[in-house]
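First comes the structure, then the notes that go with it.
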Amino acid sequence: MDYEYYMDLALELAKTGVKACEQPYGAVLIANGNIVAKAYNKVRSSKNSLNHAEIIVLDEYKRLNMNDVKELTLVTTCEPCENCFNTAINIGVNKFVFGSSIEEAIKYNTGDKLLKIKQLENKYNISVIENVRKTECDELLKEFYDKDYLAKNIVTYSEGTEEEQYWMKRALEVGRKGMLEKHELPIGVIVVAGDEVLSETSTLTYTLNSPITHGDFMALVKAERQVYSSKKPLVLYSTLEPCLLGFGAAIKCKVDKIVFGLEAIPDGGADYLPHIVYVKEWIPRTVGGVCRKEQYELFKEFLETHDDNRVGWDYANKVVKLYEEQERNSKK
């Protein structure tokens, strides 16, 4: 059997998974010399911590209900964890081929237990082939888990897609309504699952007389358990960059993506993200700058229509001045 050929397939799958914001693991299952299933990790997209590449291919094999399988080989970019190994043994895998060792993964604080399946060959009457394309597999792990690599890819700035602009304009309307009806800072937030709005709100720091009732935090509170039950990707749209509280709430609610408009330069949470890339939870992909100017203009309207002793006036004034300074510098 050409183990390197199958490992190359597993590596390509893992790289495809990384592009989809999944962890860098790929698996190929071969029955009697024929590929019957292949997959990359889908832990994040499925919001299921057990959805490893190995489990996915083994589940597919069970659905096929194959008979007379004499050799069942599992090829993985990294040595299987304890759960994946036990599942494979119970299904009948009798040959394991992998690239990176479990120790290599543990180096990056993955939380895996140290399980050396090579030492279990005799116990389970299996064959274990280690270190196939080890260098490439190790490099893929390092690239993904390296702090600098992750930090550079946490936030991207753009004008946004047509869909992102649509929802952000709606969030701007929510923020403006909060300003006109409740005299709140004009910050609007919408939580969306696919094309379904789970919640929307302006910031409520003035209404509720609390410094932590920001729009992003309150929108996630209002969405309630729907954030866990939704099968569609969760996106949080905020006209102003969330603070650290907002990002923390989004992480705990397993938000898939955060889209914001204007940078909250005094206390923006995005600045903290490079320092928390090792948390063992999904950090949302983040897009900034969508309808950025429109949010600046809303803050200007707030300053012009409210007294300078109004809650949030000083903050809005600071954001506006910093935005204008940035714009002047960009034209030099």
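Among the trypsin sites (Lys or Arg not before Pro) in segment 168-255, those located in a DSSP loop and surrounded by at most 13 other Cβ atoms within 10 Å of their own Cβ are 225, 231. Percent of Cα pairs in the chain per distance bin of 20 Å, from zero to the largest separation: 29, 43, 23, 5, 0. Secondary structure note: in the chain, about 55% of the DSSP beta bridges are antiparallel.
Residues 91, 102 ordered from highest to lowest accessible area at a 1.4 Å probe: 91, 102. Near residue 218, once Lys and Arg are set to +1 and Asp and Glu to -1 for all other residues with Cβ below 13 Å from its Cβ, the sum equals -2. Within segment 22-131, the GluC sites (Glu not before Pro) that combine a DSSP coil assignment with at most 14 other C-beta atoms in a 10 angstrom radius are 71. Accessible area per residue was computed with a 1.4 Å probe on protein heavy atoms; residue 11 scores about 10 Å². Here the Karplus curve 6.51 cos²θ - 1.76 cosθ + 1.60, taken at θ = phi - 60°, turns the phi angles of segment 173-189 into couplings of 5, 5, x, 5, 4, x, 5, 6, 8, 10, 6, 7, 4, x, 10, x, 9 Hz, with x standing for Gly and Pro.
Here the dipole of the chain is about 540 debye; that uses its Cα centre as origin and unit charges on the Cβ of Lys and Arg (positive) and Asp and Glu (negative).
Helix 3-19 versus the longest principal axis of the chain: what angle, 0 to 90°, nearest 10, using Cα atoms? So the helix axis and the longest Cα principal axis differ by about 10 degrees. Taking every DSSP beta bridge that has both residues in segment 130-270, what percent is antiparallel when rounded to the nearest 5? Within segment 130-270, antiparallel bridges account for around 70 percent of the total.
For segment 189-262 and segment 119-145, what is the centre-to-centre distance using only Cα atoms, to the nearest Å? Result: 40 Å between the Cα centres. Pairs from the table (62/257; 254/300; 113/134) lying more than 22 angstrom apart at Cα are 62/257; 254/300. Each pair of Cα atoms in segment 74-154 enters the Kirkwood radius, and Stokes-Einstein at 25 °C and 0.890 mPa s then converts it into a translational diffusion coefficient of 183 µm²/s.
Overall, the accessible surface of the chain at a probe of 1.4 angstrom is composed of carbon and sulfur to the extent of 47 percent. When the residues 124, 5 are ordered by accessible surface, computed with a 1.4 Å probe over the protein chains alone, the sequence from largest down reads 5, 124.
Projected label points at residue 210 and residue 107, each 7 Å from Cα along the beta carbon direction, are separated by 4.5 nanometres.
The values are calculated or read from the model by the stated rules, or taken from the named source; none is laboratory data. On a predicted model such as this, the values are computed, not experimentally measured, just so you know. Cβ atoms come from the backbone with ideal geometry, glycine included; neighbour counts cover every protein chain shown. Areas reflect the complete protein model, heavy atoms only, side chains present, ligands, DNA and RNA absent. Shrake-Rupley method; radii C 1.70, N 1.55, O 1.52, S 1.80 Å.
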